[in-house]
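The values are calculated or read from the model by the stated rules, or taken from the named source; none is laboratory data. None of these values were measured; they are calculated from a predicted model. Note that we place each Cβ from the backbone using ideal geometry, even for glycine, and neighbour counts take in every protein chain shown. For the accessible areas, the whole protein counts, side chains as well, though only heavy atoms, and no ligand, DNA or RNA atoms are used. Shrake-Rupley method; radii C 1.70, N 1.55, O 1.52, S 1.80 Å.
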Amino acid sequence: MDRYTLRARYYPVVILFFPIFILGIFYSFQFESYIHALTSLGTVSAFTYLFSQLGRDQGKKKEKKLWESWGGTPSVQILRINNSHLDPHTKQRYHAKLQALCPVETVPNAAMENADLLGADQIYSAWTRFLIAQTRDTGKFALLFKDNTSYGFRRNLWGLKPHGICLVVMLFLGNYVYWAIILKDVNPVAYPTSFLYSTIALFFYLIFWIVIVNKNWVKLIALAYAERLCECSESL
């Protein structure tokens, strides 16, 4: 079974019928046998794939506004004459190469950008689309694929940031309720140490969401991917 069939056809069916398995588990004492059955059916993998799709959706929904806050698509930005991310000589070489590979009526220059930035960006966008279409071979363009994967990971994680923070806050409250109300009476010896360590772990996880996962963290790898994409033009 190829990966497309497994993910696009098999996993949705497993997810569709999963409530039946849930009822079977809760109405049976043979938990271990059911766990083995679920594992063999690839249920864990199916749900992992489902959540990865939900993560991608959250990232994609916010991607356009994210690019707008940066001043445009990263790959378009670095091709602009008036952008200083790349040195002028390298940029001029990329423009000449892209014009040879994907000819346009007018190659943008500084005057055109000042007069009609949208028109210039449309040309840069066309060149970008051409490069993406020509660099789908993940073996030949391994470094580009690596940066693209990293960008997708960071973008999707940033898209899930509100859900992540909400989940950690809920776990904080649940942790307090469990340790302070339930375990404090059941096992008072384990109460202080376990509560302290779990609270510290959740605190650092919350810091990760708030401090690390931000627009600049995504932008860093987005610009790196844009650079790799332009570099690939010289090998086409």
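Overview of results
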read-out: Qualifying residue in region 103-118 (condition: closer than 24 Å to A222 by Cα and in contact with a helix residue (DSSP H, G or I) (Cβ under 8 Å, 6 or more places away or on another chain)); value: yes
read-out: Matching residues, region 70-84, being touching a helix residue (DSSP H, G or I) at 6+ places or on another chain (Cβ under 8 Å) and exposed (fewer than 14 other Cβ atoms within 10 Å of the Cβ); value: G71, N82
read-out: Hits in region 115-139 - residues which are touching a residue at least 40 places away in the same chain (Cβ under 8 Å), open to solvent by 60 Å² or more (accessible area, probe 1.4 Å) and outside any helix (DSSP H, G or I); value: none
read-out: Options L167, L160, L143: the member that is of a type outside the set (D, E, K, R), in contact with a Gly (Cβ under 6 Å, 6 or more places away or on another chain) and open to solvent by 50 Å² or more (accessible area, probe 1.4 Å); value: L160
read-out: Subset tally (residues that are within 32 Å of the chain's Cα centre (by Cα), within 17 Å of F130 (Cβ to Cβ) and open to solvent by 80 Å² or more (accessible area, probe 1.4 Å)) for region 85-114; value: 1
read-out: Members of region 209-222 found to be surrounded by fewer than 17 Cβ atoms within 10 Å (Cβ to Cβ) and among the aliphatic types (A, V, I, L, M), listed by number; value: I210, V211, I212, L220
read-out: Hits in region 170-190 - residues which are assigned to a loop (DSSP other than H, G, I, E, B) and either modelled with pLDDT of 85 or more or open to solvent by less than 100 Å² (accessible area, probe 1.4 Å) (or both); value: N187, P188, A190
